[in-house]
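Enquirer: Submitted below is the structure of interest, expressed as structure tokens.
Nothing in this text is a laboratory measurement; each read-out follows from the coordinates by a stated rule. Everything numeric in this text was worked out from a predicted model, so none of it was measured. Glycine gets a Cβ as well: all are built from the backbone with ideal geometry, and neighbour counts include every protein chain shown.
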Amino acid sequence: MTSNFLEIKGLHKRFGNIAALNNVSLNVSKGEVIFVIGPSGCGKSTLLRAVNWLTPPDKGEVWLEGELVGSSSSKLTIKQSQLLNGFRARMGMVFQQFNVWPHLNVLENVVRAQLVVAKRKRADAESTALKILDQVGLQNKIDEWPDHLSGGQKQRLAIARALAMDPTLMLLDEPTSALDPELIGEVLTVLKRLVNNGMTMLIVTHELGFASEFGDRLLFMDGGEVIEEGPPKKILTMPKTKRLKMFLEKLDVTSFKKEEKL
């Protein structure tokens, strides 16, 4: 692992009187899986959106593999906008509300960005799409429309679409929060495969058991700041701050505690 794969330096972001990010810095190694937890409105989603500059911070910088993704100190020129699109293609973004294209079938959802952004030939794009759809268990759904898919299938489609661009980094914003409990396992199975394949990931989640088992590091955020950081099992079983203790008490962590005892 190299310590310079992703560097987040001093990010600040305000929405009116709300400090969504307050001097957040983070170094992510290649192949590292980092989970982010915290109460609603603590800045978790803003952090992910700042990493790929969908929500430009008021102050700070983001670097990917030694290259500057964005800096608050420089204006966004046409050339920089083009470079930014290239960086975004290397960062697969998966939202909690799926964001698949309803007017395209499953296959076209995975093919389209490859044609438009990556400028691939259609035969190559389709070949890649079919391979990835097989990996996420949607090989029998290629002609289906998104409206005919379950929530778990839509989220797996969203992940497949991101993977088709050959990202070096995956950003996942609560990928299971919009799913019924029986569908969560479908998505976690796909994420487990990504972990085992060495994908670098930054994941906002409330799935504490999953974070404990597969995370290299866990961040607890509150008020736009990283309050605690460290190995997931240690953070979740021995929180240092009163704020994290209160947060964990409000969550249903019974199943997680049972898993720890087994």
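Enquirer: In angstroms, what radius of gyration and Dmax does region 22-174 have, counting Cα atoms only?
Expert: So, for region 22-174, Rg and Dmax equal 16.6, 48 Å respectively.
Enquirer: Still on this structure, I have one more. Taking the radius of gyration and the Kirkwood hydrodynamic radius from Cα positions alone, what is the Rg/Rh ratio for the chain, to two decimal places?
Expert: Rg/Rh: 0.97.
Enquirer: Express in nm, to one decimal, how much length is gained between residue 196 and residue 250 on full extension, taking 0.36 nm for each residue of separation and deducting their alpha carbon distance.
Expert: Length difference between fully extended and current span is 16.3 nm.
Enquirer: When we measure straight from the Cα of residue 242, which lysines land under 16 angstrom away, once same-chain ones fewer than 8 places off are left out?
Expert: Those lysines meeting the cut-off are 234, 250.
Enquirer: Something else now. Can you pull the one-decimal nm distance between simple spin-label points at residue 58 and residue 168, each 7 Å off the Cα toward Cβ?
Expert: Label at residue 58, label at residue 168, 3.1 nm between them.
Enquirer: Here's something else I'd like to know. Find how many whole Å separate the alpha carbon centroid of region 127-147 from the alpha carbon centroid of region 199-235.
Expert: If we compute the Cα centre of each part, the gap is 30 Å.
Enquirer: What is the ratio of the Cα radius of gyration of region 138-195 to 2.2 N^0.38 Å, where N is its residue count, to two decimals?
Expert: 1.11
Enquirer: I've got another one for you. How much net charge surrounds residue 137 when only the other residues with a Cβ under 11 Å from the Cβ of residue 137 are counted, with Lys and Arg +1 and Asp and Glu -1?
Expert: +1
Enquirer: Can I ask one more? Under 12 Å between alpha carbons, and skipping anything fewer than 8 positions from residue 141 in its own chain: which aspartates and glutamates qualify?
Expert: 108
Enquirer: Let me ask something additional. Once the dipole of region 1-113 is set up with Lys and Arg at +1 and Asp and Glu at -1 on Cβ about the Cα centre, which of 71, 4, 104 lies farthest towards its positive end?
Expert: After comparing all options, I get 71.
Enquirer: Can I ask one more? Counting Lys and Arg as +1 and Asp and Glu as -1, what is the net charge of the other residues whose Cβ lies under 14 Å from the Cβ of residue 86?
Expert: Charge balance in the 14 Å sphere: +1.
Enquirer: Also, I was wondering about something else. Under a point spin-label approximation (7 Å from Cα along Cα-to-Cβ), what is the residue 144-residue 104 distance to one decimal in nm?
Expert: The modelled label-to-label distance comes out at 1.8 nm.
Enquirer: Find how much the distance from residue 117 to residue 243 grows on full extension, using 0.36 nm per residue of separation minus their present alpha carbon separation; answer in nm with one decimal.
Expert: 41.0 nm
Enquirer: Neighbouring Cβ atoms within 10 Å as the yardstick, rank 206, 103 fewest first.
Expert: 103, 206
Enquirer: Another question, then. I'd like the trypsin sites (Lys or Arg not before Pro) in region 12-66 restricted to DSSP loop residues with at most 16 other Cβ atoms within 10 Å, sorted by number.
Expert: 30
Enquirer: Now, a different point. Taking N as the number of residues in region 1-90, what value does Rg over Cα atoms divided by 2.2 N^0.38 Å take?
Expert: 1.08
Enquirer: So what is the relative contact order of the chain, in percent, for Cα pairs below 8 Å that sit 6 or more residues apart?
Expert: Across the chain, relative contact order equals 24 percent.
Enquirer: Still on this structure, I have one more. Which percentage, to the nearest 5, of the DSSP beta bridges contained in the chain is antiparallel?
Expert: 55 percent
Enquirer: Right, here's the next one. Per the Debye formula with a single identical scatterer at each Cα and no solvent contribution, what log10 I(q)/I(0) holds for region 155-243 at q = 0.14, 0.15, 0.23 Å⁻¹?
Expert: -0.54, -0.62, -1.25
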